[in-house]
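Taken together, the values in this text are just the output of simple stated rules run on the coordinates, not laboratory data. Remember, predicted model here, so these are calculated numbers, not experimental data. All Cβ positions, even for glycine, are placed from backbone atoms using ideal geometry, and neighbour counts span all protein chains on display.
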Amino acid sequence: MRGGGGLNGGMSVAPSREKVAAIDLPVRRGLTRRQALAAALAAGVGVGAVRLLGGSMQGIGRPSNGTMDWISPLGSEGARVMQMLRRTSFGYTAAQLESALSEGFKKTVDRLLETKPVEPPVLAAAGTPGGRFSVALLQQWWLDHILSTATPFGERMTLFWHGHFTSDYRKVGDENFMYWQNLTWRRMSMTDLRSMLIQVTSDPAMLKYLDLAQSTGQSPNENYSRELMELFTMGAGNFTETDVRQSAKALAGWQLPQPDSYATVVVDKANNVTRKYPVYAAQKAGVLNPKRAFSGSVTFLGKSGPLDTQGVIDRILAQPSTAVYIASKVARHFVTAQPDAAYVKSLADTFRRSKYDMKTLMHAVFTSPQFNAGQSYRTLVKTPTEFMLHAGQALGAPNLSKLVAGAGSGMGQSLFDPPDVNGWPTNDSWISSNTVVERVNFVTAVMNQVKKSIPSSANAPQTHLDGVLSAQTAKLLNQATDDRARWFITLASPEFQLK
Amino acid sequence: MTREIGINQLKRRDFLKAGLVFGAGAAGLAAGYAAVPDAFARAVYAAKKEGVANDNILVMIQLAGGNDGLRTVVPLADPALHDLRPKLSGSMVSQALPVNTQWGLNHNLGAIKGLWDKGKVAIVQGVGYPNPTFSHFESIRIWETGDPTRRQVDGWLGRTLATAYDSNGHPLTGCACGTTNVPGALRDLQATMTVIQNQKTFGFSGGSEVEAAVGALYKGTPGIYGALFDTAMATATETISTLRTSAATYHPMADYSDKVKLVYSSKNQLAAALQLAAELIVTGTGVKLLHVTLGGFDTHYTELNRHDDLMGYLDSAVGAFYQDLAAHGMADKVLIATWSEFGRRPKENASGGTDHGAAAPLLLIGNPVKGGLYGEAPSLTSLDKTGNLPYSVDFRSVYQEILAGHLGAGSNQILGASFDRIPFLSAPVAAV
């Protein structure tokens with residue numbers, strides 16, 4: 001921690017016009033929480049959280065269910081807009097927040113859904129023969145685009161699909177293919193699932209990652225077939241092992257695109273070892289080689305007959321489990337950690353009726369009462385990338401992409417490098433002794449990067465924490481004596497890890 | 001038999017003296033959420049327990065992705081092998097390190113073979129469970145929870161922590177090394193555990209001022225994640241302080257190297273993770289249950305070199321770990337066990353790899369082991385209707401022997417039933 005803010009005990013409470021928490025809840029050393037609870041209730045004060053609105057504390061209420069919970073501020077339009085931005089983007093600058101607040105919730109939703117994602121600039125390293133360039137370049141390129149784009153929701157959806165239709169650079173072994181996959185996922189991010197699935201199946205990085213490029217009708221490889229159903233569409237328990245083997249046959253025959261040429265590259269100067277690597281003039285999809293495909297009849301999901309890749313996809317889309325599986329995952333990413341079955345079903349029905357249109361599904365999600373319900377408030381944990389970029393943008397930190405690209409792995413998220421074929425985990429899985437330390441260390445690092453130009457912290461608890469604070473956070477903010485200390489507490493707080 | 005490590009006793013006493021008892025854990029349960037109660041809430045459970053049964057230690061090594069049992073413990077004389085695996089069987093038989101006339105260890109498992117020769121390796125063959133799933137994630141969950149019916153949500157090691165140990169106030173009792181997230185096997189609502197990815201970077205870069213500030217910040221946090229956040233931070237600050245002492249006194253007495261050829265998708269630095277495990281063990285931090293992971297075993301494609309490399313990587317890390325423990329006089333206490341969600345299909349696919357399979361062998365390594373082959377040797381001519389090896393040993397039998405015979409923990413309570421014991425321990429402790 002830089003600066004002489006004084007974060008631990010012993011400092012005096014700074015008198016301040018925009019005083020953060022005027023109330024001193026009786027949570028202090030030597031008291032158990034039960035005693036604190038009793039004292040607070042006797043005093044007519046809600047224990048769960050201190051809520052600030054307009055600079056003074058309001059809205060204190062008793063927790064209704066006996067558990068200690070956050071007091072939802074979502075009755076106010078401003079809080080609804082801020083939650084919307086946290087859940088659909090990577091944080092916001094003061095100007096972006098101002099603009100969304102003046103638009104209001106409904107118009108913000110419309111804008112997010114109706115604006116096509118802006119294409120990122122061309123990655124300078126792309127086209128390197130064999131895609132032999134550092135993944136860090138790819139990570140920084142994407143992060144730079146996320147930070148500068150006018151359509152961050154498109155990036156948020158691209159990250160969602162990167163975790164869903166996942167691939168990792170290690171196994172793919174070709175950064176050009178990973179780059180193409182990122183471009184494809186962005187372009188298809190808000191289209192329909194049917195056209196998405198054919199692009200996913202023929203995506204060169206995916207063909208390598210799940211071995212479909214190796215699969216032939218004569219000797220099928222089951223890897224892609226299984227994960228297409230288990231992780232991409234229907235979910236476990238909705239298909240049989242026979243379905244896996246049969247669709248593996250039907251899906252076989254895809255190959256990587258033919259390179260435009262080959263380049264000879266020296267890989268070991270000392271021993272003068274050279275290798276030939278493929279060169280592509282432009283992005284290409286995989287190609288189906290009929291000679292490698294299966295031509296007979298298969299029995300798949302209850303029907304028999306000849307079947308090609310589109311046939312497999314259409315039969316998967318005819319299963320009710322597909323819409324339920326996708327709607328459930330979307331709800332857990334955007335609404336609440338444990339969506340109830342009726343809510344998921346209503347989203348799934350809407351999704352399926354719309355012929356699997358993502359725009360329709362996301363519109364239903366954002367305009368559902370559950371999205372702004374008190375019970376959904378702070379039930380989602382920010383992914384490491386969301387947390388880091390939100391913190392950096394709040395501070396106006398320079399050179400963020402390099403810092404963020406390097407810092408993610410200790411929190412469990414390195415872009416283009418998911419832990420396994422299930423992509424990244426959600427919510428509670430982001431919290432461990434290792435990750436909380438790494439998140440705090442990121443705040444230290446990003447604040448060091450801001451140096452002297454730190455913005456005023458006066459509104460930080462309002463604009464980044466909705467003014468809904470735990471007793472401890474309120475107390476520490478109140479004791480902090482300068483901008484650096486107040487920013488540190490704001491960004492390192494548990495509240496800031498939630499969205 | 002109760003041999004306490006001093007630090008545990010002291011901390012529990014302090015804890016009980018403080019008399020901190022209340023129910024954030026219950027609130028988490030009421031919300032239907034697998035949150036972990038905060039450190040103070042758990043004191044209520046501490047009062048119920050009377051210390052650990054012994055000072056034995058367990059290290060579980062997860063071989064993630066589905067380890068090919070037939071390339072780990074190689075059938076030397078099964079005539080069906082070559083037909084099932086024309087590409088993959090080539091030199092694996094001739095190069096294997098024979099443990100008898102029928103079976104040999106993968107040729108890259110030289111250090112483990114050396115321990116076998118000294119009677120310190122048990123091979124349990126044909127380990128699996130009824131009606132196997134071929135999904136990575138379902139099968140991982142089954143192994144982690146010890147429940148093929150998929151009803152149990154807590155991990156078997158987490159339940160061990162919660163029921164057999166008093167981990168409250170000493171979070172290093174259970175520790176995952178070399179990862180950022182809590183492994184499913186260690187998860188439990190009532191257990192505390194630590195996760196350390198990399199010891200060198202595990203600490204607050206902002207120094208003691210930041211450490212004190214966040215210690216104060218993460219207390220009494222409301223909401224469904226409140227207890228989880230508070231526990232994670234309390235655990236981290238206490239562990240960081242413990243590790244400062246450990247790092248100053250620990251001197252590795254083996255060559256841990258992660259500089260072996262990098263195998264795709266094997267992101268974990270297994271040797272570094274095991275070195276941290278050794279440090280926690282030899283410096284007397286009170287660690288009991290450790291979990292490390294080596295990934296990359298999902299060899300659907302060009303398995304030949306990949307799997308051999310992974311075996312070599314595993315072997316060098318385990319070899320160094322054992323040597324280090326032995327040099328510090330701790331090898332008698334530590335049982336090392338491998339696990340993987342499934343084996344691989346005996347018949348190879350067209351990509352020079354193998355698809356998801358079923359039963360496979362496990363390795364148990366260390367001085368507590370009574371060396372030898374256990375379980376029923378699989379036959380390549382009696383495959384099940386999915387073309388996979390049927391199981392002969394329920395994996396919970398292995399857990400039961402570890403729990404009852406090595407840790408001295410009440411295995412029935414943890415596993416929910418009793419399973420046949422497999423006598424792979426040289427001197428099993430009396431059951432509690």
Please name which of A:Gln310, A:Val330, A:Tyr262 has its Cα lying farthest along the dipole of region A:251-340 towards the positive end, using unit charges on Cβ (Lys, Arg +1; Asp, Glu -1) and the Cα centre as origin.
-> A:Tyr262
Point-charge dipole on Cβ atoms (K/R +1, D/E -1) for chain A, about Cα centre, debye to 20 | 560 debye
Where trypsin sites (Lys or Arg not before Pro) fall in DSSP loop in region B:63-172, at most 13 other Cβ within 10 Å | B:Lys118, B:Arg150, B:Arg151
Please give the length that would be gained between A:Ser148 and A:Ala125 if that part of the chain were fully extended, namely 0.36 nm times their separation in residues minus their C-alpha to C-alpha distance (nm, one decimal).
-> 6.3 nm
Give A:Lys116/A:Lys284; A:Lys284/A:Lys382; A:Lys402/B:Lys200; B:Lys118/B:Lys200 a once-over and call out the pairs whose C-alpha atoms are over 32 Å from each other.
-> A:Lys284/A:Lys382; B:Lys118/B:Lys200
So how far apart, in nm, are the two label points at A:Asn289 and B:Arg244 if each is 7 Å from Cα heading toward Cβ?
-> 6.1 nm
Note down the magnitude of the dipole of region A:449-499 about its Cα centre, charges +1 on Lys and Arg C-beta and -1 on Asp and Glu C-beta and zero elsewhere, to the nearest 20 debye.
-> 180 debye
Got a sec? Which residues in region A:285-320 would a label at A:Thr240 touch, if it sits 7 Å along Cα→Cβ and we count backbone N under 16 Å?
-> A:298-305
Pairwise FRET efficiency - A:Thr274 versus A:Asp482, Cβ, R0 = 35 Å, nearest 0.05 = 0.05
Can you figure out the FRET efficiency of A:Thr191 with A:Thr426, using R₀ = 22 Å and their beta-carbon distance, to the nearest 0.05?
-> 0.40
Could I have the simple spin-label model distance between A:Lys116 and B:Arg151, label points 7 Å from Cα toward Cβ, reported in nm to one decimal?
-> 5.4 nm
Just in region A:168-274: which GluC sites (Glu not before Pro) are loop by DSSP and have at most 10 other Cβ atoms within 10 Å?
-> none
Work out, in µm²/s and without decimals, the Stokes-Einstein translational diffusion coefficient of the protein assembly as shown at 4 °C, 1.567 mPa s, Rh from Kirkwood over C-alpha pairs.
-> 45 µm²/s
Within region A:105-131, backbone nitrogen closer than 15 Å to the virtual label 7 Å beyond the Cα of A:Ala263 toward Cβ = A:123-131
Under a point-charge model restricted to the Cβ atoms of Lys and Arg (+1) and Asp and Glu (-1), what is the dipole moment magnitude of the protein assembly as shown relative to its Cα centre, in debye to the nearest 20?
-> 1320 debye
With a sphere of radius 15 Å drawn around the Cβ of A:Lys345, what net charge do the other residues whose Cβ falls strictly inside it have (Lys, Arg +1; Asp, Glu -1)?
-> +2
Expected sort for A:432-442, A:413-423 on mean C-beta neighbours within 10 Å, highest first, is A:432-442, A:413-423
Any chance you could check the Cα centroid distance between region B:91-142 and region A:339-412 for me, in angstrom?
-> 43 Å
FRET efficiency estimate (nearest 0.05) - Cβ-Cβ, B:Ala80 to B:Asp420, R0 22 angstrom | 0.20
Pairwise label distance in nanometres, B:Ala327 with A:Glu77, each label 7 Å out on the Cα-Cβ vector = 7.0 nm
Radius 11 Å from Cβ of B:Thr381, net charge of other residues (Lys, Arg +1; Asp, Glu -1) | -2
Relative contact order for chain A: what is it in percent, counting Cα pairs under 8 Å that are at least 6 residues apart?
-> 21 percent
Taking Cα atoms, how many degrees apart are the long axis of helix A:241-251 and the longest axis of chain A, rounded to 10 and kept between 0 and 90?
-> 60 degrees
